[in-house]
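Student: Starting off with a structure, shown below.
The values are calculated or read from the model by the stated rules, or taken from the named source; none is laboratory data. These figures come from a predicted structure and were not determined experimentally. Cβ coordinates were reconstructed from backbone atoms using ideal geometry, including for glycine residues, and neighbour counts include every protein chain displayed. Note: areas computed on protein heavy atoms with side chains; ligands, DNA, RNA excluded. Shrake-Rupley method; radii C 1.70, N 1.55, O 1.52, S 1.80 Å.
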Amino acid sequence: MGRITPIVLTIAVALSGCKAKEAYEQAKIASDLAKSGSTTKLLKEASEDKYDAPQDGKLTEAQVQMYLKVRDHEKAIAQVAKQQLQAHGEAVKKAGDQSLAGVVEGFKGLGSVADFLTADIRAAKDLGFNTAEYQWVKGQILAASTAEMTTKMGEAMNAQMDASYQQMKKAYDEAKDDQTKSMYKQTLDSFEQQKKDAVANKSQEDPGLSYNRQLLSKHENALNAFANEMAKFEDKPGDAQKSIDEFSKSVDKAKADAAATKTQQ
């Protein structure tokens with residue numbers, strides 16, 4: 001049998017340590033969720049937290065840091081609650097939904113749903129943050145992330161529109177009769193109006209939203225916030241992030257293809 005090199009042994013110990021830590025954290029979360037009235041107590045405590053949001057809607061560096069710290073714990077809580085909900089569902093099927101045991105498991109399942117839906121509040125409370133502030137911060141960051149997604153889609157559409165405009169302009173210039181030129185002219189005018197509307201809409205974007213998008217992008221891809229929110233619902237870890245990454249790549253490809261088409265014309 002071959003010798004185990006020190007580096008391999010170190011990696012193995014590190015991996016086993018990570019798994020043990022993860023298992024401990026999951027067990028701790030499960031224990032907290034199992035306490036009678038934990039959700040009711042949580043909501044009561046959270047209702048006492050107050051936060052006066054700034055009128056300009058702008059986040060601070062510290063608030064983004066807070067969000068990033070809470071987010072991973074929130075996702076862990078949501079995953080444990082989801083696992084417990086699935087377990088209660090299986091227990092209901094086994095006992096029969098009309099049986100007393102089935103009804104009891106059904107009520108426990110409702111408790112797991114509540115735990116899942118309040119994972120963000122519990123995570124913020126566990127880490128000692130103001131839950132009212134965290135919920136506001138999370139809302140601002142998700143709005144920034146969604147705006148980033150909309151912008152990327154708009155950029156791809158604009159690139160395709162530019163390529164189509166150039167193609168249509170070429171057809172207009174080469175048209176031999178007035179009727180055909182008039183038809184192409186109407187289409188060109190429509191393209192130009194759409195471009196003007198897009199510029200106008202961009203200029204009307206809330207300054208606070210633009211600021212938050214730039215601040216968030218200093219820490220990570222702004223799309224990640226949306227991906228992490230969706231990750232709470234995924235069955236296979238990593239699926240949500242994979243979908244967002246594929247979306248981003250497809251948009252970038254659409255922009256590149258449109259630019260290449262425009263260059264060839």
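Student: Order the peptides 45-55, 153-163 from the highest to the lowest mean number of other Cβ atoms within 10 Å of their residues.
Tutor: Top to bottom by mean Cβ count within 10 Å: 153-163, 45-55.
Student: How far, in nm, would the chain grow between ALA62 and ASP173 when pulled straight, counting 0.36 nm per residue and subtracting the alpha carbon separation?
Tutor: This chain segment gains 34.3 nm when fully extended.
Student: If R0 is 25 Å, what FRET efficiency do you get for MET157 and GLN214 from their C-beta distance, rounded to 0.05?
Tutor: 0.65
Student: To the nearest 0.05, how large is the calculated FRET efficiency for GLN55 and THR180 if R₀ is 51 Å and r is the Cβ-Cβ distance?
Tutor: The formula returns an efficiency of 0.40 here.
Student: Any idea of LYS69's accessible area? Nearest 10 Å², probe 1.4 Å.
Tutor: LYS69 has an accessible surface of roughly 130 Å² with all protein chains in place.
Student: How would you classify segment 33-83 from its alpha-carbon gyration tensor, with a ≥ b ≥ c the square roots of the eigenvalues: rounded for a/c under 1.5, else prolate if a/b is greater than b/c, otherwise oblate?
Tutor: In terms of gyration-tensor shape, oblate.
Student: Only sites in a loop by DSSP and with at most 14 other Cβ atoms within 10 Å count here; which trypsin sites (Lys or Arg not before Pro) in segment 114-179 make the cut?
Tutor: LYS176
Student: Tell me whether segment 144-203 comes out rounded, prolate or oblate; compute the Cα gyration tensor, take square roots of the eigenvalues as a ≥ b ≥ c, and use a/c under 1.5 as the rounded threshold.
Tutor: prolate
Student: With r defined as the distance between the Cβ atoms of SER250 and THR187 and R0 fixed at 25 Å, what FRET efficiency is calculated, to the nearest 0.05?
Tutor: Between SER250 and THR187 the formula returns 0.40.
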